[in-house]
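The values are calculated or read from the model by the stated rules, or taken from the named source; none is laboratory data. Given the structure is predicted, the values throughout are model-derived calculations rather than measurements. Quick reminder, even Gly has a Cβ in these numbers, built from the backbone with ideal geometry, and neighbours come from all protein chains shown.
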Amino acid sequence: MAHIVSFRIDGLAGRKEPLDLKLNRDTNIFFGLNGSGKTSLLKILHSAMSGETENLTNVPFTAAIVSIYSMTWDKVFTRSIKMNKPARTTRRKKGSPARSDTSVSSEIINKEQPTRDGNLEWSCSPSSPRDAASTRWNHEYLPTTRLHVGDSNYFAVSNHPYSRHMELTEDHLDSFFAAHISQSWRQYSAQVSRDVRTAQEQGLVSILRAVLSTTNSKRKTFKGKLTPEKAYERVEKFLERQRSATILETPKLFAKRFHDQPILQDVVQIIDSVEDKIESAMTSRNKLQELIERMFTKSKKIKFTDECIEFKTLAGETIGLASLSSGEKHLVRIFVQSLLANENSMMVDEPELSMHVDWQRDLIHSLRALNSKAQFIFATHSPEVLADVPDKNIFRI
């Protein structure tokens, strides 16, 4: 896990003075006019975190130094890079850029590929045992093309000789969006499932330890925080997760045994602790559902499964992710990616895209409610996004 501490960029968007800033651990918003270098800045920070330089080919800057704090190594790594003079390239005929074929739903989609400068490379100091110069620090990056094919790196590249070239349609872009959201949601759900499974496994070990211990029979009084009624509720919920609630006796019989048997009291306390961990793991997921239900129109219902996010009309008709409005798509994408960010950095270029002004005003607060541990870095033109954000978190460039 890592976040950006500071950076210095020379020649950003033709600036004579370097842009030298220290970032906040929580929220950072770059605010400025078109052409001020906000998008270029995010591309440079993303490149420093990823170690990849392909996206820097056409970025206007001369040099950059980015300091990144790694929680894994508990130290700051400094990455630096200098732009080389443009290398000589063979001219292509006008209207004939480099292209590749992307396979989507058995169709072959043709898209332009950027020219790469193989000489660009980040240097890193100090180096780590895992060679930090080639390490990709986890982070999330959402450019303005986040709903387009250019941001869909999970589609295979095909060179089939019989491929037919065609332009991307709205249906293709909608399909890319739905596929990416589903993929990201499955990734997040897998993380939650791992946390739940770990809590349950550790709880089982603790229960066995309590049952097999020889000290329980010597304890006469119960000093736990749970009443018999609350204890019954926690055990019932725990067993429901295991689909075994039918083995639980009546509340009256349970209360009597709970009062008389120290070993049952110990087991219930362990179960209570497991339930607390599971509820903590599910907190962000529950907050996401609350946010979407509050912010989306009242004509939609949302349901989460481990595989996907489902939207339905009040009449019960399923609405595919691809059929959401543009603003709804952007909001869902940003929210889901923020969950995946964990304690790392998350960069978003123009988060306000297609959003109603009320959503823009509530965006930062909502994201911090979903993930209070991430470092958010935004580039925006919208003064609405800045609403209620302290001045120390806003950088006018």
Residue pairs, Cβ under 6 Å, 6 or more apart or interchain, first in the range 24-53 and within 27 Å of residue 387 (Cβ to Cβ), second among the aromatic types (Phe, Trp, Tyr). List them. 27/376; 29/378; 30/395; 38/30; 46/141
Could you tell me which numbered condition residue 370 fails, if it satisfies all but one of (1) over 21 Å from residue 31 (Cβ atoms); (2) loosely packed, with under 15 Cβ neighbours inside 10 Å; (3) not assigned by TED's automatic domain parsing to the domain that holds residue 193? (2)
So which residues in the range 257-293 are part of a helix (DSSP H, G or I) and of a type in the set (S, T, N, Q)? 265, 269, 273, 280, 283, 284, 286, 289
Return the total of residues in the range 51-68 being within 23 Å of residue 367 (Cα to Cα) and modelled with pLDDT under 95. 0
Run residue 361 past the list (1) over 18 Å from residue 345 (Cβ atoms); (2) surrounded by fewer than 16 Cβ atoms within 10 Å (Cβ to Cβ) and report the number of the one that doesn't hold. (2)
Test for residue 381: is it at pLDDT below 95, closer than 21 Å to residue 43 by Cα and surrounded by fewer than 17 Cβ atoms within 10 Å (Cβ to Cβ): yes
Within the range 222-238, can one find any residue that is modelled with pLDDT of 90 or more, surrounded by 14 or more Cβ atoms within 10 Å (Cβ to Cβ) and under 24 Å from residue 307 (Cβ atoms)? yes
Has the range 31-52 got at least one residue that is over 20 Å from residue 342 (Cα atoms), aliphatic (A, V, I, L, M), touching a strand residue (DSSP E or B) at 6+ places or on another chain (Cβ under 9 Å) and surrounded by fewer than 18 Cβ atoms within 10 Å (Cβ to Cβ)? no
